Amino acid sequence: MAGHAVPAVIRAGAGNPLWPDGFLRVVVLLVPAFGGGCLQTTYHTGAPKAESDSFLERRVDYRLANAFYTEAPVCAAIVTKTTAPRAISRLVEDAVERHLAIRLPRVIGGARLRRMEARLGLDIMAVSDRRVFAREARCGALVEIHLSQVQDDYMVLWARRGLTVSLTMRRIADGEILWQAHHAAGRSDGGLPISIIDVPVSAARAGLMTKDPEMFASIADDAVRRMMKTLPDVRGERAGANLKRISLPSGAR
């Protein structure tokens, strides 16, 4: 976004009866949220950081352990750890299953895992039961989904929806973390009314954002797709084979 955009908006709104006293003081904080289209995705190696949760920064933090390269898993099961609404968590779970299927030879989705837990009488959260599951399913890794934030803000003239997701791949045999990724994804619509004509337009755009039944599914897919770029495709590799290390250029989408 252009560095002079905020002063221009403030000048345009000065003296406008639609902008009451005190409103201009928060314009500087709100304007960046309307410019999400100019964001680039950046990738940062190292342990995922909670402070990167800002929806105004399209940032993916990830860590790929050396153990992944020396003994890449050929199968992973998906488990969700969250207090978020079930409808939202299932959207993220489905997105992880789709994208993981083009990274690993075999994937056990969350729904199938729950059926196996019920059939075998297991609790996948218990370490001992995980090892039983690994033996019975012949699947040596888990991908844990942690959905830490669901944002659904509506302020008449502006709306924002977003998800903050962390993914962790663990080897079941010893609990070692093979891969981690963390990302906050979201979308917003609406705008700051500079004239009376802008008010209904901004309100309509914000309203459509909050009523779109597919919005969270699309955001979940965006978030997972960006994080999965940091995970090598091992479908053509034999178990335990050394893998070529991936390289993500700054701004990759």
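We did not get these values from a lab; they are worked out from the coordinates using the rules stated. Not measured: the values here are computed from a predicted model. Virtual Cβ from ideal backbone geometry, glycine too; neighbours counted across all protein chains shown.
As a proxy for reagent exposure, ranking I177, I219 by other Cβ atoms within 10 Å from fewest up yields I177, I219. Using R₀ = 35 Å, calculate the FRET efficiency as 1/(1 + (r/R₀)^6) where r is the Cβ-Cβ separation of Q40 and R90; round to 0.05. Calculated transfer efficiency: 0.70.
Extension gain for A173-S128 works out to 15.2 nm (0.36 nm per residue, less the C-alpha to C-alpha distance).
Computed over neighbours whose Cβ is under 11 Å from that of A76, the net charge equals +2, Lys and Arg +1, Asp and Glu -1.
Sorted ascending by nearby beta carbons within 10 Å, beginning with the fewest, E93, E176 become E176, E93.
Projecting label points 7 angstrom from Cα along Cα→Cβ for R98 and C75 puts them 2.5 nm apart.
By the Stokes-Einstein formula, at 0.890 mPa s and 25 °C, segment 74-188 with its Kirkwood radius over alpha-carbon pairs has D equal to 163 µm²/s.
Quick one: order V127, V92, V107 by neighbouring beta-carbon count within 10 Å, fewest to most. Could you put the intermediate results ahead of the total?
On the way: V127 10, V92 28, V107 20.
So the residues, fewest neighbours to most, are V127, V107, V92.
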